[in-house]
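Working notes for the structure below.
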Amino acid sequence: MESISVFEIIKVGIGPSSSHTMGPWNAAEMFLDEIKRTNSLQNVKEVFVEFFGSLAKTGVGHGTDIAAMLGLAGENFKEIDTDKIDEKIAHIKNTSQLNLGGEKVLPFVYGENLILNMDKSLDFHPNGMIFKAVFNNGEILERDYYSVGGGFVATKEDNSIKDNCIRTVYPCHKGEDIIKYCEKLGVEKFSDLVYINEEAWRTKEETRAEALYIWQQIKECIYKGISKEGILPGGLNVSRRAADFNRKLLGEKSYQNLDEWLQAVKNSDKNFNQITRWISCFALAVNEENASFGRIITAPTNGASGVIPAVLMYSQTFTEFNTEEDIVKFILVAGEIGTLFKKNATISAAMGGCQAEIGVSSAMAAAGLTEISGGTPAQVLMAAEIAMEHHLGLTCDPIGGLVQIPCIERNSMGAMKAITAAHIALESDPSKARVSLDQVIKSMWETALDMNNKYKETSEGGLAVAVNVAEC
Ligand code: SF4
């Protein structure tokens, strides 16, 4: 088994879904590369994309169609001006033309060149898609891709994460590996081991800089979220609430920019009720941004992208564990825990329901908080285990296929459980624990395999059918 960098699990993304937006976007980019490798964009006469299974069923709500069109047009989701997305899509639809890779204008009719197959699935994975290019000389290039969660894309031939899987010096594929190598190397902190292993990809200084870049993006995302009012897109008429939370929590305190806002939060009341409201506010802010095609930090998915920011912001504003080094350690440890779930279970809701998204993000955040609060490696693993234990079996049932209800509030819940799990672990003796992290990951995977497909991001069960979308 190969290792996965923490920055493959915690990374810059775009809303609303890692598997349904970023995965198809990445797949479109891979297909463009394949055309360039085997032929030329200039020789393409027509291009087609078809979605299957969960990608088709909840594709419109998750922006799967939009992601594919922008990916085919050569746009990069890390750089695109998110305020221009609507305009770019309207242009493609209104002109029935798509500028392939930004180099070749082609006819492109939505519904003909882009098809959502509601009643068909590909065998390999519930999130399947087929891209096809027809060339001027009649040749055809066709590729199938599978969005396997967290923005990762696999092919039938290669189920690994291209270019990013390598063997680290002290490979940690299980919780028990982490304990083994910490003892062997004599390192007291889990994050020290992660630092060492991440040197397989980059220097320690670069790892530190990347983690702080992630933190900057988190701060900006929360700040954007608390600065916007109104209704989220998609037709459910869900109101943004983070701005209202922020206003009430800050009272008379004023601010002009992100840094002043952060200071105002730090100076606000620190009683239990206020702090828990702030934690909800941070999570709501991120997930409201995610629901409206904003730039977020995927951790490990977009639907669950508010949990780690909420817990990390909580630690920075309301605890004494608030140095830059604490930020880096939190992110490294949280990311490493995410890799264990990715390698031994799943981080795809289409495979495992919401336990694979909110459950995993809560486990990651619990581990990060325990690390910076002084926990031993065993306590860090224990915190992750506790957080996941109380998400086992959580289903994925987004109303209207939109990452809004129950997703947005579920991030607040995941953050609160993460903090509680960290506190329990910090007060406990892990040698007396009856359930290990490895056992809970195994249970999560077995639960995923047993879970009815209705509860795996198909919008065919649970809240998704209990609530009539037209009534919302
Ligand atoms: S219910 Fe959970 S897994 Fe499903 S889309 Fe929402 S956050 Fe993601």
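Can you give me the C-alpha center-to-center distance between segment 1-41 and segment 74-92, rounded to a whole angstrom?
Their Cα centres are 16 Å away from one another.
Roughly how compact is segment 368-472, stated as its Cα Rg over 2.2 N^0.38 Å to two decimals? Provide the component values of the computation, followed by the final result.
Numbers: Rg = 16.5 Å, N = 105, 2.2 N^0.38 = 12.9 Å.
Cα-based Rg divided by the globular estimate yields 1.28.
Suppose every K and R has +1 on its Cβ and every D and E has -1 on its Cβ; what is the size of the dipole of the chain about the Cα centre, in Debye to the nearest 20? Let's see the in-between values first.
Values: 45 positive and 62 negative charges, 89 e Å.
Computed charge dipole of the chain: roughly 420 debye.
Using the crude model of +1 on Lys and Arg Cβ and -1 on Asp and Glu Cβ, and no other charge, please compute the dipole size for segment 18-154 relative to its Cα centre, in debye to 20.
100
Based on the alpha-carbon gyration tensor of segment 160-317, what equivalent-ellipsoid semi-axes (square roots of 5 times the eigenvalues) come out, in whole Å, largest first?
In descending order, the three semi-axes are 35, 19, 14 Å.
More than 19 Å apart: what percent of Cα pairs in segment 18-154 qualify?
Tail of P(r) above 19 Å: 44 percent of Cα pairs.
Let me understand the chain better: what is its radius of gyration from the alpha carbons, and its Dmax, in angstrom?
21.8, 71
Could you tell me the distance between the Cα centroids of segment 329-393 and segment 124-146, to the nearest Å?
Between the Cα centre of segment 329-393 and that of segment 124-146, the gap is 35 Å.
What pairs from Lys180/Lys219; Lys180/Lys442; Lys88/Lys219; Lys132/Lys204; Lys78/Lys104 go past 31 Å between their alpha carbons?
Violating the 31 Å limit, Cα to Cα: Lys180/Lys219; Lys132/Lys204.
Say the dipole of the chain comes from +1 at the beta carbon of Lys and Arg and -1 at that of Asp and Glu; which of Gly102, Ile279, Leu41 then lies farthest toward its positive end?
Ile279
To the nearest 0.05, what FRET efficiency results for Glu112 and Asn273 with a Förster distance of 60 Å applied to their C-beta separation?
The pair Glu112/Asn273 has a calculated efficiency of 0.65.
Evaluate E = 1/(1 + (r/R0)^6) for Asp81 and Ile424, where r is the Cβ-Cβ distance and R0 equals 51 Å; express this FRET efficiency to the nearest 0.05.
Computed FRET efficiency for Asp81 and Ile424 comes out at 0.70.
Grab the DSSP H runs of the chain that are 4 residues or longer, score each as -39,500 (n - 2.57), total them, divide by all residues and round the 222 nm result to the nearest 500 deg cm²/dmol.
Mean residue ellipticity, 222 nm, calculated: -15500 deg cm²/dmol.
From the square roots a ≥ b ≥ c of the eigenvalues of the alpha-carbon gyration tensor of segment 16-77, which class results: rounded (a/c under 1.5), prolate (a/b over b/c), or oblate?
It is prolate, given that a/c is not under 1.5 and a/b is the larger ratio.
Provide the descending list of Cα extents for segment 252-347 along its principal axes, expressed in whole angstroms.
On the principal axes, segment 252-347 reaches 48, 32, 25 Å in Cα extent.
First measure r as the distance between the Cβ atoms of Lys204 and Arg247, then evaluate 1/(1 + (r/R0)^6) with R0 = 51 Å and state the FRET efficiency to the nearest 0.05.
0.80
Considering the convex hull of the alpha carbon atoms of segment 92-186, report its projected area averaged over all viewing directions, in nm², one decimal.
Numbers: hull surface 42.1 nm².
That works out to 10.5 nm², a quarter of the Cα hull's surface.
Identify the residues of segment 256-275 with backbone N under 19 Å of a label point that sits 7 angstrom from the Cα of Ser227 along the Cα-to-Cβ direction, or state none.
Inside the label zone: 256-266.
At what distance in nm do the modelled label points of His91 and Leu392 sit from each other, each positioned 7 Å from its Cα along Cα→Cβ?
It is 5.2 nm.
Please report Leu463, Leu250 as a ranked list, fewest other C-beta atoms within 10 angstrom at the top and most at the bottom.
Placing the least packed residue first, the sequence is Leu463, Leu250.
Every number here is computed from the coordinates shown, using simple stated rules; none is lab data. The shown structure was predicted, so the numbers you read here are calculated from the model rather than taken from an experiment. In this analysis, Cβ positions are derived from the backbone assuming ideal geometry, glycine residues included, and neighbour counts consider all displayed protein chains.
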